[in-house]
1. Find the accessible area per residue for the chain; the probe is 1.4 Å, ligands and nucleic acids are left out, and the unit is Å².
2. With the dipole of the chain worked out from charges on the C-beta (+1 for Lys and Arg, -1 for Asp and Glu) around the Cα centre, which of P85, A215, W257 lies farthest toward the positive end?
3. Between N510 and E335, what is the label-point separation in nm under the 7 Å Cα-to-beta-carbon projection?
4. Give me the extension gain from A33 to H274: residue separation times 0.36 nm, minus the current Cα-Cα distance, reported in nm with one decimal.
5. Measure nothing but the geometry: give the 0 to 90° angle between the long axis through the Cα atoms of 421-433 and the longest principal axis through the Cα atoms of the chain, rounded to 10°.
6. For segment 177-183, what does the Karplus curve 6.51 cos²θ - 1.76 cosθ + 1.60, with θ = phi - 60°, yield as ³J(HN,Hα) per residue in whole Hz, taken in order and with x for Gly and Pro?
7. I'd like to know which of N173, P369, Y547 lies farthest towards the positive end of the charge dipole of the chain, counting +1 on Cβ of Lys and Arg and -1 on Cβ of Asp and Glu.
8. For A59, what residues show an amide H to amide H distance below 5 Å, using hydrogens built from the backbone and excluding near sequence neighbours?
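The values are calculated or read from the model by the stated rules, or taken from the named source; none is laboratory data. All values derive from a computational prediction rather than experimental measurement. Neighbour counts run over all protein chains shown; Cβ positions are idealised from the backbone, glycine included. For accessibility, only protein heavy atoms count, side chains too; no ligands or nucleic acids. Shrake-Rupley method; radii C 1.70, N 1.55, O 1.52, S 1.80 Å.
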Amino acid sequence: MAARAFARVAPLRAKISLVLVVALALALALRLANLQLREGPKLAHAALLQHGQTVESFAKRGAILDRNGGVLVRSLPSESIYTVPGEVTDPHAVAAKLAPLLRKPAAALDLALADKKTDFRWLARKVPHDVAERIDALQLAGIYRKGEDTGIRFVASGRLASTVVGFTGTEENGLDGLEYSLDKLLRGTPGRTRIEADQFGRAIPFGETHVIERAVAGSTIITTLDPYLQFETERLLRASVKKWSARSGTAIVMDPWTGELLAVANVPDFDPAHFGAFTSDAWKNRAISDAFEPGSTFKLITAAAALESGKFAANVRFPARDSLHIGGQTIHNAEDGMMAAGRGSESIEEIIAFSHNVGAAEIGLATGPRAMYRTIRKFGFGDGTAVELPGENPGIVTDPKDWSGSSLATISFGHGISTTPIALARAYAAIANGGLLMRPRIVSAIQDANGKQVYRYGPAIEQRAISAKTAATLRRYLRAAVVRGTGNPTAHVPGYTTAGKTGTAQVVENGGYLGGAYIASFIGMIPAERPRYVILVKVERPHGSIYGSQVAAPVFADLARAAMFHAGVMPAVGAPRAATPRSHSAAAQHTAAAAARLVRAGHGAKDER
C-alpha cells in the first residue's frame with residue numbers, strides 16, 4: 001500500500017519540478033533577451049566607460065622631398081626589440097648573434113641580457129621591420145619584438161642635405177633642421193580611440209573599440225633643393241675642405257630671380273639615421289647660423305652705397321695708395337701683387353677688381369655713415385632672412401651713432417660687421433636680378449597625405465635694395481674682378497661669362513681677431529649678363545693659402561660649370577652671352593613685373609643724400 005502511494009507521489013513531484021525548471025528557464029531566457037536586445041548596448045557602453053581607456057592613435061609623419069619629388073626622408077613602420085633576462089640561458093652567445101643586427105657592441109648587449117634583477121629591458125628601439133624579422137627567425141629564448149605606434153625615419157638620401165633636413169627623436173619628434181622647423185606640419189594630428197581594457201590598462205582581446213577622432217597623417221614637404229646640384233655642391237666643397245685642411249666649409253646655390261635655394265651644403269655634415277654618433281658641431285647648418293666678417297665680398301655693398309648716394313659721377317676716381325691712417329688705425333692693402341701704389345688714382349671698378357682695402361675705405365668715407373648704413377639695411381643685413389630653417393643668426397650691424405672713428409672705413413671693406421652666408425647670397429642675388437631683395441626659400445610646396453597640393457610658395461620680394469642701373473654697374477664691376485682682377489683666372493669657366501668677388505677675412509673669436517685664422521670666400525654669378533645662378537663658397541681656416549681666389553674661387557668655377565650643364569646651357573666658344581632657358585626667362589619676367597609694381601607704389605630706389 002505504501003509502495004503504491006510513493007509511486008503516485010514521485011511522478012507528481014517530477015512534474016512539479018519540471019514545471020519549475022521550465023518556468024525558471026523561461027524567466028532567465030526572457031531576462032537574457034532583455035539584457036541582450038534592449039539593454040545590451042546601454043550596458044555595454046556603461047561597461048566600456050568603467051573599464052575603457054582612451055588612447056592616442058599616432059599620425060604617420062609626412063615625407064620631405066626634393067624639388068623633383070625624390071624622397072629625402074620618409075617614415076616606415078618600425079619595431080622594437082626587448083628582452084626578459086630571466087629567460088635568457090646564454091647571454092654571451094645571444095649577444096654575439098644580436099650585435100651585428102642591432103649595430104651595437106656585443107659587450108653592452110651581454111650586460112643587458114645578464115641583468116637578472118629586471119623582468120624587462122629594451123635592447124633597441126625603432127629598428128626596421130626586416131631587422132626585426134631576422135631577429136625573430138633566430139628564435140632566441142627571452143628575445144621579443146614589439147610593434148611601435150610611431151615609425152622610423154628612413155633617410156633615403158643618406159647624408160645628402162643632412163644639415164638642412166635635420167633629424168627626429170625616438171618618438172619621431174623633430175629635433176633639428178626642417179624636421180624641427182616644420183614639425184607641426186610633418187607630424188600631423190593624432191587621433192583618439194576608446195578601447196576596452198583590463199584593470200592594468202591593457203587592451204582586452206576582441207574587446208570593443210570606438211574611434212573618437214581619426215588621426216590625420218602629416219603633410220609632405222617639397223623643398224627647392226635640386227638633388228644633382230646638392231650632390232655636386234657637397235662633393236666639391238668636401239674636396240676643397242680636405243685639400244686645404246680647413247675646419248669647415250659652406251656653399252650655397254641660389255636662383256636670384258625666385259629666391260629658391262637649389263643647394264645648401266655644409267662640411268662637416270652627418271648621417272641623420274645615426275645622428276647621435278656625431279658631435280653637435282656636425283649638425284650645424286653654417287649657412288644660416290655662422291655669422292662672420294665678410295671681408296672683401298662686402299666691398300660691393302660699399303660701391304652700391306656710393307652709387308645710390310648720388311654724390312659721385314660715373315667716372316669718379318680716388319687716390320691710389322696702399323695705406324691709410326684713420327681713427328688711430330692704419331689700413332693696408334693685401335700684399336697680393338695687385339697693389340695700388342704707382343697708379344696715381346683708381347676708379348671704383350678698379351678698386352673692386354683689385355680688391356683694395358684702402359680704396360674701399362676711401363669710397364665709404366666719401367659716401368658718409370648715414371648713406372652707407374642706409375644701403376646696408378636695404379640689403380637686409382642685420383635682419384634674418386625668414387628662410388624656413390631654424391637657428392638663423394641675423395648678424396651684427398651697429399647703428400652709426402655707436403661707430404668708432406675707424407668703423408666706417410673698416411666696414412667699407414667688410415670688417416667690423418658680421419653676416420651669414422645666406423644673407424650675403426641674398427644681397428648678391430639682388431645685384432644679379434636688377435636690385436630686388438628676394439626672400440630665400442627652401443620650401444616649394446606642401447601636399448596632404450593623399451598627394452594633393454595644399455599650398456605652393458612663389459617668389460617673395462621684400463623690397464628694392466638698389467636701382468636696376470646701380471645693379472647693372474655692380475655686375476660690370478664683378479665681371480672686371482674675374483676678367484682682370486683677383487678672380488682671374490681661377491673663377492673663369494670656359495664657354496661662359498662669370499662675375500664675382502673674392503674675400504679674405506680674419507676669424508673673430510671671443511670678441512677679437514684670432515691670429516693666423518682666416519676665412520676664404522668667393523661669391524659670384526653665371527652667366528654674368530643675365531645670371532641664372534648665384535653661388536657662394538666659404539672655407540673657414542684653410543691651411544696652405546688664405547686667399548679666396550685660390551681656395552674658394554675654383555670651387556665656384558667647377559660648381560658653376562656643373563650647374564650650367566645641368567640646366568642644359570651648353571658652353572659657346574667665342575660667344576659672350578649664354579642662352580637663357582625659357583623657365584628662367586619666365587622667372588625673370590615675373591620679378592621684373594613685380595619690380596615695376598614696386599616702383600609704381602613708390603618703393604623704387606631714389607637718390608638719397
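1. Values: 28600 Å² over 609 residues.
The answer is 47 Å² per residue.
2. A215
3. For E335 paired with N510, the spin-label model returns 2.9 nm.
4. Computed gain between A33 and H274 is 80.7 nm.
5. Tilt of helix 421-433: around 60 degrees.
6. 3J(HN,Hα) across segment 177-183, in whole Hz: x, 4, 4, 8, 5, 10, 4.
7. N173
8. G191
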